[in-house]
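Input: a single structure, listed below in structure tokens.
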Amino acid sequence: MTSDNLAALLTAFLALPALGQPAAEPTVPSGPVETDSAPLTRGLFEFSTAASYASLSYEDDGYRGDEALNVLNVPLRLGYMVTPSFEVEAEGLITHASYGGSSNTGYQIGGQLLYHFGQKDVVPFLLAGAGVGDSVDLYNAAYGGFEDDAVTSLRAGAGLKAFVGSQAAFRIEYRFAHYLAGEVPQGYEPNRGANQHRLFTGISLFLH
């Protein structure tokens, strides 16, 4: 047996223990794997509601009214996740106002586009949209109620969705809205539009 044959035989002998070892298992990462579609795993549809309350007093040329205007806004929303970041949302906004022993309830129907930042348990978002209805809750500006007069609104805002579990979240939202009504009858103060600031707090449920 030559030296070359002896070296080859020794090499093969030393390799035998390795052949009996089981193959190494692939490493599996621990914890959830983040993907670009993570928000969609919570649900394609978002149903949410909230509430905003305000008490407004009237003051004109130093005269302050004895009564306050109390206003409750309750939105009902249904959203659809178009992408992990973009959501389209339909909204019905109910407004109940009371003043001096009388009260009235109006509505706004509209929609908005939301953009979400990130895919964590707390998700900031921006929104922009528009609506149309029959009322707004400010003095002498952009109010409806004259025959078939409608009130239109443009809105923008920002907020947070703080998830509790996989399919529910607290939703906090600041919203700015500009209201504009049509012509008012002769003898009434001219319509000059109205700006409104609101803070909504509520909940969201995500459904497949």
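Structure data summary
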{"item": "Sorted by Cβ density within 10 Å, fewest first, the residues 82, 74", "result": "82, 74"}
{"item": "Total formal charge among the other residues, if their Cβ is under 15 angstrom from that of residue 88, Lys/Arg +1 and Asp/Glu -1", "result": "-2"}
{"item": "HN-Hα J in Hz across region 162-172 - Karplus 6.51, -1.76, 1.60, θ = phi - 60°, x for Gly and Pro", "result": "9, 6, 10, x, 8, 9, 9, 8, 7, 10, 10"}
{"item": "Charge context of residue 161, other residues only, Cβ under 14 angstrom, K/R +1, D/E -1", "result": "-1"}
{"item": "Local electrostatic count at residue 107 - Lys and Arg +1, Asp and Glu -1, tallied over other residues with Cβ under 11 Å", "result": "-2"}
{"item": "Neighbour-count ranking [beta-carbon atoms within 10 angstrom, fewest first] of 161, 120", "result": "120, 161"}
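Every number here is computed from the coordinates shown, using simple stated rules; none is lab data. The shown structure was predicted, so the numbers you read here are calculated from the model rather than taken from an experiment. Note: ideal-geometry Cβ built from the backbone for every residue, glycine included; neighbour counts use all protein chains shown.
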